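Trainee: Would you mind keeping the following structure in view while I ask a few things?
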Amino acid sequence: MALKARALYNFQSENKEEISIQENEELVIFSENSLDGWLQGQNSRGETGLFPASYVEILRSRSGSNYTDYTVSPVGSPGHDSFYTASPNPGISYQGSFEDDDDDDWDDWDDACTVVEEPRSAPGTNGHPSPSLQYPSAYGHHQHAGYRPKPALERQDSMSSSKRGSVVGRNLNRFSCFVRSGVEAFILGDVPLMSKIAEAYCIEMGSKGPQWRPNPHPFICSVEDPTKQTKFKGIKSYISYKLTPSNINSPVYRRYKHFDWLYNRLLHKFTVISVPHLPEKQATGRFEEDFIEKRKRRLILWMDHMTSHPVLSQYEGFQHFLSCRDEKQWKLGKRRAEKDEMVGASFLLTIQIPTEHQDLQDVEDRVDAFKAFSKKMDDSVLQLTNVASELVRKHVGGFRKEFQKLGNAFQAISHSFHMDPPYSLDALNNAISHTGKTYETVGEMFAEQPKNDLFLMLDTLSLYQGLLSNFPDIIHLQKGAFAKVKESQRMSDEGRMDQEEADGIRKRCRVVGFALQAEMNHFHERRVADFKRMMQSYLKQQIIFYQRVSQQLEKTLRMYDNL
């Protein structure tokens, strides 16, 4: 039954599921049972959605007299928990992409689904799945098998402070990626330190700021020979790709679902890294030649970005993906990757940062500049994608038709000249007829040309649409960390927090800041190399194309020289 309530504080919505409320605003609560600290209701403007339970007080009526009196009832009482804690659900397997009792052959996964199904409720930037969807929703029925919630952890430093009631508050919006990624818990010291961390990723100071330490054993990997194969006596078909890493020079064969499994492990582990998106799936036409070729081209670009990234290229799961040839060893390595504990917020514990001091305001300014740059680049990449896609359509359709029309018109002229034989000049008629055929050939050349230049451009643009769509959430993590530092310093200045605890929050914020800057640095390095290569390839192919067109026209022109 609906209840009346009053807002205690202002709350500004951050997504479409929430609504904004103003202090002292009258609200209607649909149910007083909060869900992970959130209530659903309606504000005075008629908007319906979620808002923090701790921001409102419910007004209860007394019916034992001639007047109606409202008493205040707090929402944060037992049964109305104001804080989000993820608890294991015994009905869900948290093993990763496999259930514990899944003993199927690693090559027998169903083609029709991903290894870890992601919610598809809302597209992200440029139509790509939103990076934030890799994190499970606070609602239980949105959790998927790739997420392993952990029991509530005790504070490492803050709760041990003598000022227990003065710790930095948690974000009330438990749906934000800052919370769901675990970065908030890391900043506040809630991620327990491991006794032994086997992996370490170092950040160094370079000429343009923090950068990932290069992979000491760099390599590349080719993606070749997409081959259609069958099993179950031809009932099931799939495409396998031959992968040959340069460091071992021994090929392995992987299906798209194996790439998909790896991609989901990468998303689960590397919180502050922009993982390149895999080529899109397709429900029908998976075995058509054009689609297979397109997927191969884009997997080559994806693999190039993976092997060039100083952190992703060293990931044990990636190395296992590229090198394992034995089925039993594959299963063991796969399960080991799925049980990896250094994922999400815990991954931040593996990062070693320089000792150089960085002013947090300078870092924030640099992040803001990159945010503006990435937004502008995202818009311009989308614009160029639309223009190039339209140009492909014209090449395949409009241009070919127009040149065919022109060719037919020339041949019609030639045929008309044959109508009066005494005045007919066969050499001229044949030259005009050949001119018509030349323009028909040119039309076919235009139709085939996108395969040589525009397709490659669109492949690169698609890759960068995915990379750029990752950054808003990654930047949001840094912004959330900055906010916690400022809040902790203010509380320390007011004497409500030990300076030691505030310094701990600042130190952990430095880890997130250095990681984001290193990722920004790597993005720019790759951007310069990739767009240089893209533009050079496009212009070279354009020159070759128009030279071929010119040769066709010059050959035709010479037919008129000796008339």
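The values are calculated or read from the model by the stated rules, or taken from the named source; none is laboratory data. Keep in mind it's a predicted model, so treat the numbers as computed, not measured. Ideal geometry is used to build each Cβ from the backbone, glycine not excepted, and the neighbour counts take in all protein chains shown. The protein model used for the area step is the full one, side chains on, heavy atoms only, and it has no ligands, DNA or RNA in it. Shrake-Rupley method; radii C 1.70, N 1.55, O 1.52, S 1.80 Å.
Trainee: Quote the relative contact order of segment 221-352 in percent (integer), defining contacts as alpha-carbon pairs under 8 Å separated by 6+ residues.
Mentor: 25 percent
Trainee: Can I ask one more? Provide, for q = 0.17, 0.27, 0.32 Å⁻¹, the log10 of I(q)/I(0) from a solvent-free Debye sum over equal Cα point scatterers in segment 433-487.
Mentor: Debye output, listed in q order: -0.72, -0.96, -1.07.
Trainee: While we're here: Among Ile413, Ile203, what's the order by accessible area (1.4 angstrom probe), most exposed first?
Mentor: Ile413, Ile203
Trainee: Another question, if that's okay. Looking at the calculated P(r) for segment 259-321, what percent of the C-alpha pair distances fall above 13 Å?
Mentor: The share of Cα pairs beyond 13 Å in segment 259-321 comes to 65 percent.
Trainee: Out of every Cα pair in segment 360-558, what percent are spaced more than 29 Å from each other?
Mentor: 54 percent
Trainee: Taking 51 Å as R0, compute the FRET efficiency from the Cβ-Cβ separation of Asp379 and Leu425 and round it to 0.05.
Mentor: Given R0 = 51 Å and the Cβ-Cβ separation, E is 0.30.
Trainee: Report D for segment 302-419 in µm² per second (integer): Stokes-Einstein, Kirkwood Rh on Cα pairs, 4 °C, 1.567 mPa s.
Mentor: 61 µm²/s
Trainee: Can you give me the Cα centroid spacing of segment 236-292 and segment 1-57 in angstrom?
Mentor: 44 Å
Trainee: Rounded to whole Å, give me the distance from the Cα center of segment 412-472 to that of segment 493-563.
Mentor: Segment 412-472 and segment 493-563 have Cα centres spaced 31 Å from each other.
Trainee: Using θ = phi - 60° and the Karplus relation 6.51 cos²θ - 1.76 cosθ + 1.60, list the HN-Hα couplings for segment 48-53 in order, rounded to whole Hz, with x at every Gly or Pro.
Mentor: Residue by residue, segment 48-53 yields 10, x, 9, 7, x, 5 Hz.
Trainee: For segment 441-563, what is the convex hull (Cα atoms) projected area averaged across all directions, in square nanometres?
Mentor: Spelled out: convex hull of the Cα atoms, projected over all directions, averaged, 10.2 nm².
Trainee: Another question, if that's okay. Please tell me which of these pairs span more than 27 angstrom C-alpha to C-alpha: Lys334/Lys507; Lys242/Lys281; Lys231/Lys328; Lys228/Lys331; Lys334/Lys451?
Mentor: Over 27 Å apart, Cα to Cα: Lys334/Lys507; Lys334/Lys451.
Trainee: Once the mean 1/r over all distinct Cα pairs of segment 221-352 is inverted, what Kirkwood radius in angstroms do you read off?
Mentor: Kirkwood hydrodynamic radius for segment 221-352: 15.9 Å.
Trainee: With a 1.4 Å probe and all protein chains in place, put Thr355, Thr435 in order of accessible area, largest first.
Mentor: In descending accessible area the options line up as Thr355, Thr435.
Trainee: Whole-Hz ³J(HN,Hα) for each residue in segment 14-20, computed from phi via Karplus 6.51 cos²θ - 1.76 cosθ + 1.60 with θ = phi - 60°, x for glycine and proline: what do you get?
Mentor: 10, 8, 6, 7, 9, 10, 7
Trainee: Run the reach check for Lys4 against lysines, Cα to Cα strictly under 26 Å, same-chain hits fewer than 8 apart removed. What comes back?
Mentor: List returned: Lys16.
Trainee: With an 8 Å Cα cut-off and a minimum separation of 6 or more residues, compute the relative contact order for segment 3-58 in percent.
Mentor: 39 percent
Trainee: Still on this structure: Please report Rg over Rh for segment 3-58, where both radii come from the alpha carbon positions and Rh follows the Kirkwood definition.
Mentor: So for segment 3-58, dividing Rg by the Kirkwood Rh gives 0.89.
Trainee: Taking amide H positions as placed in the peptide plane 1.01 Å from N, state which residues far from Lys4 in sequence (5 or more) or on other chains have amide H under 5 Å from it.
Mentor: Ile29, Leu59
Trainee: Each residue of segment 492-497 in turn: what ³J(HN,Hα) in whole Hz from Karplus with 6.51, -1.76, 1.60 and θ = phi - 60°, glycine and Pro shown as x?
Mentor: 5, 4, 8, x, 9, 8
Trainee: Counting only C-alpha contacts under 8 Å and six or more residues apart, can you give the relative contact order of segment 416-563 as a whole percent?
Mentor: 40 percent
Trainee: Compare Asp493, Asp453, Asp426 by solvent-accessible area with a 1.4 Å probe and give them largest first, with all protein chains kept in place.
Mentor: These residues rank, largest area first, as Asp493, Asp426, Asp453.
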